[in-house]
Every structure is written in C-alpha cells, then in structure tokens.
C-alpha cells in the first residue's frame, strides 16, 4: 500500500527534473496512441524529432512557432505569479493582432510602422486583460471565468470585422487587408521565415525574469500572489498590483499577436492563432511559472506541433496527436507538481 | 488500576536527520486525564499524529485495551476508539451542527438518518453536559461551540480516548471552565483524555498525571500535577530554570498614539463603538477581553487595515485616521499581527522576503524600483543572528519555521526600525515558555527605550505582568481601564463579561 505524505522541503533539482519527467511520461503515454493508429512508435517520434529539430530549416520553423507561445507563456506565467488567473491570453493575442494589423496597414516608414504596431498590439492586449482584472478588483468577479469567456467575445468580434467592414475587398475572402510591405518584419536568415519578432520573444523572457526576480514590482507581484493578506498588511496596494500585472500580462499576449501579423501572416484571419493563448498555459505550467523556463517549454510544444504534422504525413497518425501530447503534457505536469509538496511512502503490507 | 485504554510503547519517528520522537512510552487508563507537556518542537504533535494515524512510526507499537493495533489513517484511529480535536477545527461552516456530525456516517440505503443522529446527539449532550443546537449553521457558532462540536463529533463516532491539542488557546476564561467541567465528566464516566497544553496552571488544575517531552524524548513524568509547582514543570520542559522578567519602574512620557471616539463597522454590524484611548511613550497598555469583542477591529484600525467610520486617530500629535498601512509604518508604527501565518508572513517565499516586506520600497532594500538582494539578505542574516531565529538560512521557506521562530522574525522586522508605537496581538499565543519569555523581554526593553506599546491578549496573567494599564473591551467598547496595580484576574474577568461596566456607569 502506498500513500502520500507531506514534504517538509523540496529538493532544488526538482525544478529542472519535474518538467523533464512530465514530458517523458507524456511521450510514453502517447506512444500507446501511436501504436493504436498502426504506426511504429520509434519511427513516429523519429519523424517528429527530425522534422522539428533535425536540420537548420526545421529549427527555424520550430522557433517561428515557438515565438507566440513564448509571449503567451510569459503572459500566463507573470499573471499566475500574482494569482491573477488570466485564461484570456488567446483573446488578448487576437486583440493585439487586430490592432497591429490596423496600424500596419497605414502607409508610413517601415521602422516607425513596426514600433507603432508593437505598441498598438501591446496596448490592445493590455486593455482586454484589464477587463477581467477590473471586474475582479471592483466586483470580485471570478477572473478564470471572465477572462476565459472574453476570448469568445474577442474572437467573434474579430470574425464580425473580417466578414463585414474590414473584409479584404481585393480577394473577397473573410480576411483583413494586408499590412504595408514596408511594415513586414525583416527576415533574419534568407530562405527561412525566421523574423525579427522571434528574437524579440527570446529577449523578452530574460527581461520578464529580471522584472519578477529583481524589481520591487516583481517582489510585490510574488508576495501578492502568495499571500494577499500579508501583502496588504505589509503596505502593498494589492489591487494596484493586480491591475499592473494584468496590464503587463495582456501586453505580452498582445505582442504574440503582433508577431503573427508582422512576421508570419501579414494580415488577420479567423485562424491566425491555433490556440497559442491556451498553449501559453501549458507552457507556463511546464516552466513552473519561471520566465526563463518559458523558452524551452515553448520550443518543446512548437516542436510537437511542427513535428506532429510531418509525422502525420509520413506515418498516417492523425495530426491531432500533437494536441493530445499538449494536453497530456499539462496533465502530467500538474501531477508532477504534486510531488513538490508530497512524497510517496510505502506503508505496511496489510490490506 | 485497570488495563490501560491506550498504550504507546517505544515510539520512534524520524524525519530526515531529526528524531521527532525517540522511544516514547505513554499510557492512558480509562477515567484518566493525561497531560502532555513540552515546548514547541518537543514532539507532542508528532506523537499524537502517530497515534491518530497521520504518520507511521519508524519503531514502536500501539496497544488498544491490551491488543496491538496498526493505525494507518484517521479511520483506523476512529475504529480503534481514538478521537482527536485539532487546534484548527475540521468543520463544514455551511452545514448545520447535525449535518457536520453525520458526515461520513452511512445511514440506511445511502440515506442520511437524521432521527437517529438527533437521538444520539441528545444522549451525548445529556451524558456529558455538552449542549448544542442541532439546527444551527456551524458558521453561526462561537469558537467555543465549534470546539464543543468537535468533541461531540469524536464521541459520536464512539471515541473512548479523546486527544485535545491545545484546546484552551482559543477560549475565553469562562469557556475554559465549561470545557474543564465537560472533560471531568467524561473522565468520570470512563473515557480517557490526553490534554496537550503549554499552560501549566491549567494542566495542574485538570490532569491526573503528566508526561513531559523534551527533544522528542520523555523528560519526566509527574504523578501529582496538582501538588507540583509550575516552576518545577517548567524546568522539566526547558531543562533549566525559568525566571520571570523584571519590569523596571518607568515614567510615561508624552502621548504617542491616541484614539478619540473611533467607531467602525463590518459585515456583521458595529465592530468598535466610540473607542477612546491613549498610549504614552514608555508605557505598555494591555487590552483584555473575551475574543470577539472588537480587539481584532481595534488592531486593524490602528494598523491601517480597516478605515474607521468616525473618530480620529493621531500618532505623535499628527492626525492619521485615514492613513494606509504604508503611511503609518513610515510614521514609526510597528505592528505584529494576531495571525502570523496568514497576515504576517508569506509562508511559501524565503524568510528574507517576509522580513523586508513592509519596507521593500524604502532605500534600505531597493532603489529606483530595483531590489538590492545583497542588502535584503544581509538584513535577514543580521536579524536571524540577533534574535537567534532557528532556521536553515534567510532563503529557507518561511513556512518551514516553528511558531516561536516566526514570531521572533516578525518582532525583528518591526523592532529593527525603532518604532515609536508598537501594536501587537496575541504575541505569545502557541509559543512555549522560553520563546514567550524572550518576546516579553523585548517588549520591556522597547518600553525602557520610550516606545509606546499596545498588547492585545487573552492571557490575563501575561497582560498583568507586562502592562502599566489594562483596558477591557466588551462588545466593541472600552468597558473600563485599570492601573495594573489595581487589577486582578478576578476583577478583569468580571469586567470582561460586561458586569464591571454597569457597575462603573452607575
């Protein structure tokens, strides 16, 4: 018989080991599904690995996929640190995409356009995140529910825009008009899609880490998240911290949308995000809410996505498997997190 | 003497490198009240958790009525007739008294058997003098009544041995008498009781026999607690003599904190009514009262957590009625909250973070919005050394510290900045004699330095020892103020029930 017993302390190596164990468990669990689909497990994972990280082009494709999830992962990680339960990164991403696309379509010098796109996208994301935060601070509305439901509001508002007034007159499809060519983010390696936004995402992670670990705002975010009553007693304006966190989180999620418009799609369409906002939650949890951990976690999920498509083509395993891996990884991580607080102990053999 | 109800033999429990219990023997006979004494960390709670099945012992055995039993969880413990009343109650506040009793008790074909529950509750109530209204919501019960419900819950499940972990820590003096009467009646009818407490006078008054633990081992056994002095028991607990601190005579200076006609309300109605009081430099003002008579609101108003509806508050002559906690701190107000774990500290973060929390924005620990980790660490290390806070280091989780060490850390973080006024609530609740003694000495040293101190407490003997004056709170008002020289436990106790107020008003 086994049972859980509370731990008095958590070994430091757990922080690194847990996500790796969770990922290993995920791959083992999902190998069963691959086998059921009639493919060789080793072969399928092999294709997945080589298609996502096997050569330099594959790596750039994976990084391009990872960039929006780095931003949404950071957005969720920072919000969750303050226990502001922002499940709305998806909507904030879409709002950022719409705002930056709108600005990018205005003729102006390229550099100025890119800066204004980033500012507009971040501002739009921040404003959307401010809604659930304000509702929580003023009226104690549950932020999980309000931020989640707001995603649908933003999504259908976007649909209404591109089906109606914003419909691209040139193509006639339900997509927005493209941004100016001069506003397209520069490609860093000729022949790939590796754009400037990817580098910005990679720089944003250490900046966010610095903010959380080394600034007074970060201190207040951490303390507010862990114990709001002690924070208030200690002179921290808890409501202001929550609102600041929401603005920051929303801005980061908005930047994810900016990168997709400026660096990948150059316009807005209904499927501009295949759920990058929700994947951000998986990324943040795998990273244990550490902004530095967000980068490898996002790259892992991106590799699963790019690799999953190639695996599907090569072995006939449905591409949905990458979604299953993502969901299983989140569940495995949540279970793994249990072991930071508890250990398994064997107790007497009696039944 | 009849065969023991419960016998623990050679119990050893090891956590990592720490022997929390080492070869402990303990037994309780039917009809016996056994006192379990020891300082914090002496292993009392671990031992009881072993008995109640929360921990598996590394060595030793447990016998119930002479038969060895294996207890793996609380269900096993209950089946063996062992019931436990924890310090923190395990009740469902939105359910009624009867529903709480019936949780987990299967009725016929999965339905709840209310009638049988009612009959059983009635029987227990009459048998031991533990009356409870079965239809009241638990959230409407006083702390004393909730504790009574916990006891009834254990008896309801057929407990023959009842473990009470510091049951009097949450009770008013009058409620303690009621609890003791009930416990004596249970013992008289053949139940066994293990009574865990720090309060030596209670142990002497109630128990038949005591076991004293120190560093996980049995340090001594007392066969006639009533005939043993508190000093002798304290020596067994600490391993050395405990001398009460000396309060030097002092002349209070100018008023440092005044409240004038302060009233405030909460969800449930008025919390404070027209409260006026003065604290002068170099003076300790005690606030006595049965818990729930506005003491918490008073502490909250003074520390800036609860803005008053009416009245004025001044610190050193400056009106500060609507000031935030941060503004009050900047004026030299030091605060130690009633609830260290929830209000004082952030248990999941490093101890150092909690120690600098109130002053993180000042130039001592940050500049231009950037933290100064070296200064934070150095401050925490210096205080850990100065106050002898036992912990693995400044970066250890605050939650890993014992209550006494947490209280020292909270004291250090306030006293390091030489407050002019200090407000503390229940400063030594749950602390052992050694730690309480240390805290008392610090208060008296601050008083000698000219700090004005308000001590809110329920332990009247502590208040009498520390205070220059004692104000009694009753139903949100100050029912009266006495000089310590004129105050006695009996007189304060009377005022705490509201009796003194009418007498003085007349």
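Tabulated data for the structure shown
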| item | result |
| --- | --- |
| Amide N of the range A:308-326 lying under 17 Å from the label point, which is placed 7 angstrom from the Cα of residue A:43 along Cα→Cβ | A:308-319 |
| Inter-site label distance for residue B:201 and residue A:14 at 7 Å from Cα along Cβ, in nm | 4.4 nm |
| Shielding of B:322-329 by partner chains, average beta-carbon count, 10 Å | 2 |
| Cβ-based exposure ranking for B:19, B:44, in which fewest neighbours within 10 Å come first | B:19, B:44 |
| Ranked list, fewest to most other Cβ atoms within 10 Å of each Cβ, for A:249, B:139 | B:139, A:249 |
| Rounded, prolate or oblate (a/c below 1.5 giving rounded, otherwise prolate when a/b exceeds b/c) for the range A:106-164 by Cα gyration tensor | oblate |
| Among A:291, A:132, A:318, residue whose mean-square fluctuation peaks in a GNM of chain A (springs only between Cα atoms under 10 Å) | A:318 |
| Gain on full stretching of the segment that runs from residue B:327 to residue B:189 - 0.36 nm per residue minus C-alpha separation | 43.9 nm |
| Rounded, prolate or oblate (a/c below 1.5 giving rounded, otherwise prolate when a/b exceeds b/c) for the range A:146-185 by Cα gyration tensor | oblate |
| Most mobile listed residue (A:13, A:209, A:85) in chain A, GNM with C-alpha springs under 10 Å | A:13 |
| Average partner coverage of B:352-361, which counts Cβ from other chains inside 10 Å | 4 |
| Efficiency of FRET between residue B:217 and residue A:5 - r from beta-carbon atoms, R0 25 angstrom, step 0.05 | 0.60 |
| Within a Gaussian network of chain A (alpha carbon springs, distance under 10 Å), most fluctuating of A:260, A:229, A:163 | A:229 |
| R0 of 60 Å, Cβ-Cβ distance residue A:340-residue A:156: FRET efficiency to nearest 0.05 | 0.95 |
| Beta bridges by DSSP in the protein assembly as shown, antiparallel share as percent, to the nearest 5 | 60 percent |
| Nearest 10 degrees, 0 to 90: helix B:114-128 Cα axis against chain B principal axis | 80 degrees |
| Sites residue B:449 and residue B:131 - FRET efficiency at Förster radius 51 Å, r taken between beta-carbons, to 0.05 | 0.50 |
| Inter-chain Cβ neighbour average for residues A:219-231, partner chain, 10 Å | 6 |
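Throughout, read-outs are computed from the coordinates displayed, never taken from laboratory work. Computed from a prediction, not measured in an experiment: that's the story for all the values here. FYI the Cβ positions are ideal-geometry reconstructions off the backbone, even for glycines, and counts take in every protein chain you see.
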